[in-house]
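**Q** So that we are looking at the same thing, I have put the structure below in structure tokens.
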């Protein structure tokens, strides 16, 4: 693993809005539009071509809005991989980086083969390649490999164009495509009979092929996301990065529609022997754009030369950028321990990640050799669709969980309408690609499961916490050993004291190894070197807890800094593989429609992959003789009863399992539930009683019943998140209002639980 | 004009208009947030929607 400094240096901020907008445009106007026009024209007809570019632009904008919002809130951690790590944790972020790696590599291969196709085609058209001993198709592959090899070498040398120089190249590309669009419109105005080329408007086979071609050419709208990576170098990134993303999608969509229009009206049927113009352009789809534009120019040679130069400029600059991007993605996975250390190797002389670059080179070469431009583009498209799908999920998740903590520079309207729309459209496009390129789907079906297997078999065992996630300030390990692990999150001495007795009982019942953890939240503005100033309270709390627990249980302690307490605790639970997490809750709560219990406790309950026990007001020398367990048949009820059994006084404690009769408990049989739990846990025999009371106000009835008890143990709601957003769930409302000592529990149930909570 | 063409041109125009509107709306929002300083999602939302 490569050593990483704890404190990262700052780059000088000298890129303005224009530079980063051009950076996005430079990536987007690669080869996608040049190859896409022919593919789309042959698949969807002349009008379908314009519809495909316009709708794809809109779908890309929905994703760009998600990227813009996330980049404005997290400008230093741009990129889908980082957003996924912050939003969903390590596993999904690995898969995101893994897909980003193939997406960029496939795009690189696509640009290389497109460059070769146009360049070789141009020279062959001039009759300059007749001496070749090998077929033109084979020679194209050689040229594609040479182009890819050249830019891999350039990336190895470490010389990459800066935003400012790159902006000049992009201006040149833009001028060319804008000029084609303007000429096309001018020609159509001067000779309106050319508009007859729009008949038929759509392919005679109908609209159904439109989605497939839209999916294949989606790669032409990929590229705005690289703007997120320039956050560190941008002046006023919260303002300029989101603007640049939105502008680049708007500019590129309008330009593409204009160029598509020009390509339709460029050819007159009379000039091609009465053949329909759209069929002529789509005859050789991959160079359809060239076939159209040569008719717009004064001479065929001039038209071909211009198109070839434009493709050379745009494909090579995009090829350079995608190789850089793919290398960055795989290097990040290697650096974070999720791929073997070879991926994180840095050349001592060039300071470039040669390990990641060499494996990326293999992928780019493989795509360039094995796939035709259409399939290479479709493979890149499908991977980018998956990638943007994840980012659209991230924006929902991050706004929901961290919206109160992050500082936003842009918020999308009607949240979460647009990310949801984007997700739906991306699913449709990805699915439809199979009609145009089953090869792309086959590759995706191998690559994504391969990523899952790699993560399960390697990455999750080797992953290291990144500096943005968490940082260990002080750690003391117990003797190594197996057994049930309980993690106790300690905030301060008061909080520690209030949890000790209950924690002691739970640890004793489980014969557990104990991990005390304290998270020191360090604001983004504070240098990490000052993190230890914040750890004093936590250290005292841990010492307090150790006094009680250390003599009885194997005990480890960890103090870490983190940017966010909830994320830090969940990360620690995953890393230490805790079976149960215990944390305290002060019971105070700000008014919020977003958080049910609190901005720290909610995300922990949501994401911690283990049993969670939240203690409220359980401190002092309280004894719990009468324990109330309200249930309604939810999946956390058995665990609530188990915890109640542990906390109730062993000699004379009695537990009442309460259900409030009414509509919500329909189908739940209390007696059956109690019998099942007694069978499962015989130690509860003779201590548990069932009780049903009738009341319209469930919360009020439970609170009224709770008055007669020493402790209330509740299972968290199991309602899906989307439904929960509409109203306050009963358990959480009871927890807020209950004046008695209270314990909330959630049973960890892995992937199934995660899926259920969302859907 | 046949039905396909009518649907197609409407789709193109609607997509371009919506796209332009969303970008201009985004630009205005970004400028507005920048003037008052970046804040949490809830605070911005409240400000943009007149205290709701």
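The values are calculated or read from the model by the stated rules, or taken from the named source; none is laboratory data. Fair warning: this is a prediction, and the values are worked out from it, not measured in the lab. Glycine gets a Cβ as well: all are built from the backbone with ideal geometry, and neighbour counts include every protein chain shown.
**Q** Looking only at residues that are more than 30 Å from residue A:318 (Cβ to Cβ) and in a helix (DSSP H, G or I) in the stretch A:174-197, which one is farthest from the other protein chains (Cβ to nearest Cβ)?
**A** Top of the filtered list is A:190.
**Q** Continuing with the same structure: Can you confirm whether the stretch A:380-397 contains a residue that is at pLDDT 90 or above, buried (at least 24 other Cβ atoms within 10 Å of the Cβ), over 18 Å from residue A:90 (Cβ atoms) and within 14 Å of chain B (Cβ to nearest Cβ)?
**A** yes
**Q** Something else about it: Looking at this structure, is residue B:12 more than 7 Å from every other protein chain (Cβ to nearest Cβ), assigned to a helix (DSSP H, G or I), surrounded by 12 or more Cβ atoms within 10 Å (Cβ to Cβ) and modelled with pLDDT of 90 or more?
**A** Judged against the criteria, residue B:12 is not a match.
**Q** If you don't mind, another one. Which one of these is touching a helix residue (DSSP H, G or I) at 6+ places or on another chain (Cβ under 8 Å), within 13 Å of another protein chain (Cβ to nearest Cβ) and not in a helix (DSSP H, G or I): A:421, A:411?
**A** The conditions single out A:411.
**Q** Is it true that some residue in the stretch A:425-435 is modelled with pLDDT under 90 and outside any loop (DSSP other than H, G, I, E, B)?
**A** Looking through the stretch A:425-435, at least one residue is modelled with pLDDT under 90 and outside any loop (DSSP other than H, G, I, E, B).
**Q** Test residue A:127 against the criterion of being assigned by TED's automatic domain parsing to the domain that holds residue A:380, in a loop (DSSP other than H, G, I, E, B) and more than 16 Å from residue A:452 (Cβ to Cβ), and give yes or no.
**A** yes
**Q** From the set of residues in the stretch A:58-86 that are in a helix (DSSP H, G or I) and away from chain B (no Cβ under 14 Å), which is nearest to residue A:562 (Cα to Cα)?
**A** Filtering the stretch A:58-86 for residues that are in a helix (DSSP H, G or I) and away from chain B (no Cβ under 14 Å), the one nearest to residue A:562 (Cα to Cα) comes out as A:86.
**Q** Can you pull out the residues in the stretch A:639-661 that are part of a strand (DSSP E or B) and within 13 Å of residue A:734 (Cβ to Cβ)?
**A** Those that are part of a strand (DSSP E or B) and within 13 Å of residue A:734 (Cβ to Cβ): A:658, A:660.
**Q** Here is a further query. Please determine whether any residue of the stretch A:406-413 is free of Cβ contacts under 8 Å to residues at least 24 places away in the same chain and on the phi > 0 side of the Ramachandran plot.
**A** Checked against the condition, which is being free of Cβ contacts under 8 Å to residues at least 24 places away in the same chain and on the phi > 0 side of the Ramachandran plot, the stretch A:406-413 yields no hits at all.
**Q** Filter the stretch A:353-386 for residues that are more than 26 Å from the chain's Cα centre (by Cα) and part of a loop (DSSP other than H, G, I, E, B); which is farthest from residue A:453 (Cα to Cα)?
**A** A:372
**Q** Pairs, please: C-beta under 9 Å, at least 6 apart or cross-chain, first residue in the same structural domain as residue A:65 (by TED's automatic domain parsing) and in the stretch A:242-263, second surrounded by fewer than 22 Cβ atoms within 10 Å (Cβ to Cβ) and not in a helix (DSSP H, G or I)?
**A** Listed pairs, sorted by first residue: A:262/A:296; A:263/A:296.
**Q** Do you know which residues across the stretch A:573-604 are more than 14 Å from residue A:736 (Cβ to Cβ), at pLDDT 80 or above and assigned to a helix (DSSP H, G or I)?
**A** A:573, A:604, listed by residue number.
**Q** Additional query: Between a first residue in the stretch A:62-83 that is at positive phi and outside the structural domain of residue A:100 (by TED's automatic domain parsing) and a second residue that is surrounded by 24 or more Cβ atoms within 10 Å (Cβ to Cβ) and at pLDDT 85 or above, which pairs have beta carbons less than 9 Å apart while being 6 or more apart in sequence or on different chains?
**A** Every condition considered, no pair remains.
**Q** Name the one entry in A:343, A:302, A:313 that is over 29 Å from residue A:25 (Cα atoms) and part of a helix (DSSP H, G or I).
**A** A:343
**Q** Can we say residue A:338 is farther than 18 Å from residue A:144 by Cα and in a helix (DSSP H, G or I)?
**A** It is false that residue A:338 is farther than 18 Å from residue A:144 by Cα and in a helix (DSSP H, G or I).
**Q** Ok, one more. Which residues, counting only those in the stretch B:15-43, are part of a helix (DSSP H, G or I), more than 15 Å from residue A:53 (Cα to Cα), touching a helix residue (DSSP H, G or I) at 6+ places or on another chain (Cβ under 9 Å) and within 7 Å of chain A (Cβ to nearest Cβ)?
**A** B:22, B:23, B:26, B:27, B:29, B:30, B:33, B:34, B:41 - these are the residues of the stretch B:15-43 that are part of a helix (DSSP H, G or I), more than 15 Å from residue A:53 (Cα to Cα), touching a helix residue (DSSP H, G or I) at 6+ places or on another chain (Cβ under 9 Å) and within 7 Å of chain A (Cβ to nearest Cβ).
**Q** Restricting attention to the stretch A:262-284, which residues are in a helix (DSSP H, G or I) and either buried (at least 24 other Cβ atoms within 10 Å of the Cβ) or on the phi > 0 side of the Ramachandran plot (or both)?
**A** Answer for the stretch A:262-284, where residues must be in a helix (DSSP H, G or I) and either buried (at least 24 other Cβ atoms within 10 Å of the Cβ) or on the phi > 0 side of the Ramachandran plot (or both): A:262, A:263, A:264, A:265, A:277, A:278, A:281, A:282.
**Q** Further question: Among A:72, A:42, A:93, which is the only one that is modelled with pLDDT of 85 or more and touching a strand residue (DSSP E or B) at 6+ places or on another chain (Cβ under 7 Å)?
**A** Selected residue: A:72, the only one of A:72, A:42, A:93 that is modelled with pLDDT of 85 or more and touching a strand residue (DSSP E or B) at 6+ places or on another chain (Cβ under 7 Å).
**Q** Suppose we filter A:251, A:287 for residues that are at pLDDT below 90 and part of a helix (DSSP H, G or I); which single one remains?
**A** After applying the criteria, what remains is A:287.
**Q** Quick check on the stretch A:109-119. Is at least one of its residues surrounded by fewer than 24 Cβ atoms within 10 Å (Cβ to Cβ), in the same structural domain as residue A:316 (by TED's automatic domain parsing) and under 14 Å from the mean Cα position of the chain (by Cα)?
**A** No, every residue in the stretch A:109-119 fails to be surrounded by fewer than 24 Cβ atoms within 10 Å (Cβ to Cβ), in the same structural domain as residue A:316 (by TED's automatic domain parsing) and under 14 Å from the mean Cα position of the chain (by Cα).
**Q** Can you name the residue in the stretch A:234-251 that is under 21 Å from the mean Cα position of the chain (by Cα) and more than 7 Å from every other protein chain (Cβ to nearest Cβ) and is also farthest from residue A:56 (Cα to Cα) among such residues?
**A** So the residue we want is A:237.
**Q** Looking at the stretch A:623-638 only, could you name the residues that are touching a helix residue (DSSP H, G or I) at 6+ places or on another chain (Cβ under 7 Å) and part of a loop (DSSP other than H, G, I, E, B)?
**A** If the condition is that a residue be touching a helix residue (DSSP H, G or I) at 6+ places or on another chain (Cβ under 7 Å) and part of a loop (DSSP other than H, G, I, E, B), then A:624, A:631, A:632, A:633 are the ones that fit.
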